[in-house]
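Visitor: One structure coming up, written as C-alpha cells, with questions to follow.
The values are calculated or read from the model by the stated rules, or taken from the named source; none is laboratory data. Keep in mind that what you see is a predicted model, and the values were worked out from it rather than measured. So basically every Cβ, Gly included, is an ideal-geometry build from the backbone, and we count neighbours across all protein chains shown.
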Amino acid sequence: MVEPDQTGQRSGWRRLTGTLTARTVGVACTVALLSVLVTAAVAIPLGVRGTERGARASLAAKADLVAAAVTDAPAGTRTALAGRLTGELTDQGIDVVLVRPGETQPRPLPGPVVRRLAAGEPVTGRRPTRVDGRPTLIEGRPTGDGTAVVLLQPVRPGVGRLVWSNLWLALAAGLTAGLIAGVLLAARLSRPIRAAAHAAQRLRAGDRTVRVPLDPPVEAEQLARALNDLTTALAVSEARQRDFLLSISHELRTPLTTLRGYAEAIADGVVDPDAAARTGQIMLGEAQRLDRLVGDLLALARLEASDFALELVDVDLGALLTDAVDAWRPRFAGNGVTVGLTPPATPVTVHTDPGRLRQVVDILLDNALRVVPAGGTVRLDVPPEPASGQPGYAAGQPDSVAVQVHDDGPGFTDDDLAVIFERGALHRRYRGERSVGTGIGLALAAGLTHRLGGRITAGHSPGGGAVFTVRLPRRPAR
C-alpha cells in the first residue's frame, strides 16, 4: 500500500516530467548527448589512424635521410655516423639499428623484415608490428653492400584515452546547449498550447467572444484557427437554438392558450350546452396539434440515435401515395385546395420503412397545405427514370426511385433553398409574413430521408411554386 505522501510525491513528479517543457528539454539533452557520443565514436578511430599515419610518414622521411647519410659516408665511418644519428633520434623516441650481414642484431627484428632488407628491398610498415612485445612502427632502408638501416618507433599508447578525456568538456558543452535550446523551444511551443487551453476553458465557461491569436508554427496556427472556428460555430449554433426555442415556445403557447381559455370557460359554465360539441372539437384539434408538435420534436431528437428503429419491407410506392392522398384530400378540400396523384405507369416497389416514408410524405403535404392559397393545386407523382443516353440520365439512377410533390404556393428563393432543411430557418425568415409551421417539419423530413438511405431536395416547380423530390434506393445499401 502506497502512503499518501508518497502518492503525492509521485503525482508531483509525474506532473513535472509530463510537461511539454520537461519533455522538450529531455529530448534536446538526449539529442546533444547522442551527438557527442556518435561524434566521439567516429572521431576516435579517425584520430588514432590519423596520428599513426602522420607518425609513419615522419618515420619514413627520417629513415630516408638516415639511409642517404649512411650510404654516402665512407665505409669506415658508417658505424660512428650511425651512432651519432642514434643518439639524436633516441631523444625523439626512435631506435636506429644498423644491420650487417652475418652479425647479430642488438634488437631482434621480425624475420620478414630481415629477409627483405637482405634482398635489398626497403621496408615500410603499413601497420604497427610487435617488437619486444610492443606495437612498433618499422622503416628499413638498404644502404648497399648488404647493410641496412632500420628505424623503430614504438606506438604511443593513450591516443584514444586522450580523446575520451577531452570528450567530457564537449559533452558538458553539448548538454548545456541542449538544455538552453530545450527550454527556449519548449517555451515557444507551449505558448500557443497554453493560449488554446485558456481559450477552451473560457469556451467551457460560456464565453463565445474568445479568439486565439494565429501564431507560428503552422501546427499552432491550425489549432488556433480550429478553436476560433469552433467558437464561431458554437455561437451560431446557440443563436439558432435560442431562436428555435423561442419559435417552439410560441407554437406551444398558442394551442395551450386556446385550451386554457376553453377549459376556463367550461369550468365557469360560460359555454352553452349547444356549443359544447364545437368547443370539444376545437380543444381536440388543439390537443392533436400539440401531440404532433411533441411527436415531431421527439422524432427529430431521436434521428441520430443508434437505436432509431426502421422496419424495412417491400412497399408498393403507388399504393402508399394513394393512401396518403386519400387521407389528406378532405383537409385540402376544406381549404379549397385540390390534391392529386399521378400514379406510376407500372408498379414500383421500393424496400423501405413504409411508416417513415409516409411520415415524410405527410410532412411535405402539410407544408404544401399551409402555403398554397385557395384554388391552388398540389400534385404528387413518381417520375419515370430517364433511360441511358437520354437527358437527365445519371449512373446509378435505375437503382433508385423518386417521389415528387409540386405545389402552387409562393415558392422559395435561391437563398431559401440553401437553408430550407435547416431546423427553424424558414420559420425565422417568414414569421409574420406568411403562414409558417414550427420550423422542424422539413428538417425532420430531411433527417428521415437520410436514415432511409435516400436524399431530399427542393427546387422551383416549372409551373411556379415549389417542388420537393425524395429519392430512395430500391434496395438498401449493403
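Visitor: Just one of ARG370, ARG379 is at pLDDT 90 or above and within 21 Å of SER461 (Cβ to Cβ); which is it? Can you show your working first?
Guide: On the way: ARG370 fails: at pLDDT 90 or above.
Criteria check complete, one pass: ARG379.
Visitor: Output the residue which, of all residues in region 203-233 that are of a type in the set (D, E, K, R) and outside any helix (DSSP H, G or I), is nearest to ILE193 (Cα to Cα). So that I can check it myself, show each step before the final result.
Guide: Step one: of region 203-233, the residues of a type in the set (D, E, K, R) are 204, 207-208, 211, 215, 219, 221, 225, 229.
Now drop any that are not outside any helix (DSSP H, G or I), which leaves 207-208, 211, 215.
Details: ASP207: 19, ARG208: 19, ARG211: 13, ASP215: 11 Å.
Only one residue tops the list, namely ASP215.
Visitor: In this structure, is LEU300 out of contact with any strand residue (DSSP E or B) (no Cβ under 6 Å at 6 or more places or on another chain), modelled with pLDDT of 75 or more and part of a helix (DSSP H, G or I)? Let's see the steps before the verdict.
Guide: Numbers: out of contact with any strand residue (DSSP E or B) (no Cβ under 6 Å at 6 or more places or on another chain): yes; modelled with pLDDT of 75 or more: no; part of a helix (DSSP H, G or I): yes.
Answer is no for this residue.
Visitor: I need the full set of residues from region 407-432 which are at pLDDT 70 or above, part of a helix (DSSP H, G or I) and over 18 Å from GLY463 (Cα atoms), in order please.
Guide: Listed by number, the residues that qualify are ASP415, ASP416, ALA418, VAL419.
Visitor: Next question, about the same structure. Can you name the residue in region 305-336 that is within 17 Å of LEU357 (Cα to Cα) and among the acidic types (Asp, Glu) and is also modelled with the lowest pLDDT among such residues?
Guide: Of the residues in region 305-336, the ones within 17 Å of LEU357 (Cα to Cα) are 308-328.
Applying the additional criterion that residues be among the acidic types (Asp, Glu) yields 311, 314, 316, 323, 326.
On the way: GLU311: 84, ASP314: 91, ASP316: 91, ASP323: 89, ASP326: 88.
Among residues in region 305-336 that are within 17 Å of LEU357 (Cα to Cα) and among the acidic types (Asp, Glu), the one modelled with the lowest pLDDT is GLU311.
Visitor: Counting only residues that are assigned to a helix (DSSP H, G or I) and farther than 24 Å from ILE420 by Cβ, how many does region 322-354 have?
Guide: Step one: filter region 322-354 for residues assigned to a helix (DSSP H, G or I), giving 322-334, 354.
Going one step further and asking which of them are farther than 24 Å from ILE420 by Cβ, we end up with 322-323, 326-327, 329-330, 333-334, 354.
Number satisfying all stated conditions: 9.
Visitor: Same structure again: Which members of region 52-73 meet the condition of being over 60 Å from the mean Cα position of the chain (by Cα) and acidic (Asp, Glu)?
Guide: If the condition is that a residue be over 60 Å from the mean Cα position of the chain (by Cα) and acidic (Asp, Glu), then ASP64, ASP72 are the ones that fit.
Visitor: Condition first: over 13 Å from PRO122 (Cβ atoms) and in contact (Cβ under 8 Å) with a residue 60 or more places away in the chain. Now tell me which residues in region 47-69 satisfy that.
Guide: GLY47, VAL48, THR51, GLU52, ALA55, ARG56, LYS62
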